[in-house]
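Asks: Have a look at this one.
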Amino acid sequence: MYIFRAISVLLCSIMLLSGCTSMPEIQNMAYATAIGVDFKDGKWIAYTQILNFSNISHSEQVSLGKAVPVWVGKGEGKTMALALTDISRTSQLQVFWGHVKAVVMTEAVLKKGVTDVYSAINRYREVRYNILIYGTKRSLPEIFIQKSILNLSPLETIMFTATQMHSVVSVVLPVTVNRVIADLNEPGEPAMIPSLDLDSKDWSEDEQAKPMFSLSGGYFFKKNRMIGWMSARDLQGIRWAEEGLKRIPLQVTAHGSPAAVIEISSPRMKIRPVTEKGETRYNLVVEAKGIVIELMQDVTINHLKECTADAIRKEITNTYSKALKVQIDPFHLRQSLYQSSPAEFRRLSSIDDFFLKNDSIKNIQVNVNLMNTGKYKGTKN
């Protein structure tokens with residue numbers, strides 16, 4: 001009886017092992033790390049970035065600075081799903097989508113509609129919901145062959161790591177696909193997709209210019225379609241509403257010349273809609289705490305706080321003014337009204353779908369708390 005049971009267990013094990021023979025070995029699969037989507041001449045065009053993970057693993061066998069090869073596949077179809085499927089037609093290896101970390105779309109796709117792309121990609125069960133999403137003015141092959149500093153793999157760039165949120169020059173933060181889809185369905189349409197670009201001015205290898213990724217601005221939407229783009233410079237005021245920004249350097253001016261550089265950390269903005277006599281306006285309250293990292297004038301602490309508040313207020317006002325010209329709501333004022341007073345939001349939307357005006361921002365209150373002034377002692381008042 002014991003021998004019979006042992007033979008039965010052995011036979012079952014053999015049968016289970018034979019059932020896995022149809023699965024390819026892990027080294028015989030093509031691992032997609034990014035998906036690109038374009039729309040041209042009535043056809044969807046899909047791109048995928050393929051990396052050899054044996055070349056980018058962190059081991060002693062990998063020499064720092066050695067160029068990592070990048071493969072880019074392309075597929076076309078009348079639908080987004082067919083374009084993605086077409087990539088596998090000549091891939092030679094089975095494409096595995098479970099390592100996709102980013103989706104990049106051209107402006108043609110953004111104008112056509114984001115949800116079509118999301119619906120097609122979401123049908124691939126391996127693809128996760130929290131992958132990063134970008135728009136771009138560049139060609140997708142140009143984006144996908146981009147390397148990182150020291151010739152590190154594309155996985156070490158901000159397209160995948162979102163490291164720019166820790167940079168001192170961050171304005172636009174990376175966002176995930178599920179966050180964008182949720183925002184597109186929100187009344188007030190607060191969705192924004194960062195624009196991915198290449199900057200060839202700052203870095204060089206010896207005397208050869210080396211382009212590096214940058215988040216150059218943001219795309220805004222209405223009813224799932226792109227209505228406009230704003231540069232990072234024009235969007236500078238929204239950084240005071242981004243709690244995810246850990247460090248924000250701000251040059252403060254006093255008496256007509258630079259007075260100090262203040263480093264603000266994790267700012268907070270509260271929006272308070274106020275409706276009076278059938279007119280809705282907004283009070284903004286910004287909480288900013290920071291430290292003095294450079295001082296160019298001998299000014300009092302209180303005056304430094306006032307100048308800092310003025311600089312923040314000016315950035316917010318400039319961004320709102322530029323956004324209003326293209327009917328963009330970067331501060332999500334309409335969404336805040338919907339959350340606090342849905343009936344008033346529906347009433348104003350029935351009159352004017354955008355309904356924001358030049359004087360819609362009633363007041364901007366900025367509370368500055370300088371936690372540390374470094375070696376500068378200054379005066380108390």
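Asks: HN-Hα J couplings of the range 139-152 from phi, Karplus 6.51/-1.76/1.60, θ = phi - 60°, integer Hz, Gly and Pro as x?
Replies: 6, 5, x, 5, 5, 6, 8, 5, 9, 9, 4, 6, 6, 5
Asks: Could you pull out every one of the lysines with an alpha carbon less than 20 Å from that of LYS222, ignoring same-chain neighbours closer than 8 positions?
Replies: Hits, sequence-local ones excluded: LYS111, LYS112, LYS137, LYS322, LYS325, LYS357.
Asks: Where does each of ASP353, ASP41 land when they are ordered by accessible area, with a 1.4 Å probe and the largest first? Don't jump to the answer; show the numbers that get you there.
Replies: Working: ASP353 65, ASP41 140 Å².
Largest to smallest exposure gives the sequence ASP41, ASP353.
Asks: Provide the convex hull volume over Cα atoms per residue for the range 129-212, in Å³.
Replies: Details: hull volume 9.8 nm³, N = 84.
Each residue corresponds to 117 Å³ of Cα convex hull volume.
Asks: How large is the convex hull of the Cα atoms of the chain per residue, expressed in Å³ as a whole number? Numbers along the way, then the final one.
Replies: Values: hull volume 95.4 nm³, N = 381.
Roughly 250 Å³ of hull volume per residue.
Asks: Still on this structure: Can you tell me the order of 192-198, 336-342, 153-159 when each peptide is scored by its average per-residue count of other Cβ atoms within 10 angstrom, highest first?
Replies: Working: 192-198: 23.3, 336-342: 17.1, 153-159: 21.6.
Result, highest mean first: 192-198, 153-159, 336-342.
Asks: How about the range 247-280: which trypsin sites (Lys or Arg not before Pro) there lie in a loop by DSSP and see at most 12 other Cβ atoms within 10 Å?
Replies: LYS277
Asks: Along its principal axes, what span do the Cα atoms of the range 248-381 show, with the longest given first and each in whole Å?
Replies: Taking the Cα atoms of the range 248-381, the three principal extents are 56, 25, 24 Å.
Asks: Quick one: compute the contact order of the chain, relative version, from alpha carbon pairs under 8 angstrom and 6+ residues apart, as a percent. Working shown, then result.
Replies: Details: 724 pairs, mean separation 44.5, N = 381.
Once normalised by length, the contact order is 12 percent.
Asks: Okay, next question. Using a 1.4 angstrom probe and counting only protein chains, how large is the accessible area of GLU189 in Å², to 10?
Replies: About 40 Å², rounded to the nearest 10.
Asks: Over the chain, give the accessible area per residue in Å² for a 1.4 Å probe, as an integer.
Replies: I get 56 Å² per residue for this part.
Asks: Excluding residues on the same chain fewer than 8 positions from LYS246, give the lysines whose Cα lies under 22 Å from its Cα.
Replies: Leaving aside lysines fewer than 8 places away in the same chain, those within reach of LYS246 are LYS270, LYS289, LYS305, LYS314.
Asks: Express in Å², to the nearest 10, the accessible area of HIS303 obtained by rolling a 1.4 Å probe over the protein heavy atoms while all chains stay in place.
Replies: 60 Å²
Asks: Got a sec? Charge dipole of the range 291-381, +1 on Cβ for Lys and Arg, -1 for Asp and Glu; which of THR317, ILE291, GLN335 is way out at the positive end?
Replies: Final value for the positive-end residue is ILE291.
Asks: List the residues, sorted by chain then number, that are 5 or more residues from ALA34 or on another chain and whose placed amide H is less than 5 Å from its amide H.
Replies: GLN49, LYS101
The values are calculated or read from the model by the stated rules, or taken from the named source; none is laboratory data. Note that the structure is predicted; figures quoted are calculated from it, not measured. As a convention, Cβ positions derive from the backbone with ideal geometry for all residues, glycine included, and neighbour counts pool all protein chains shown. Protein only, heavy atoms only, side chains kept; ligands, DNA and RNA dropped before computing areas. Shrake-Rupley method; radii C 1.70, N 1.55, O 1.52, S 1.80 Å.
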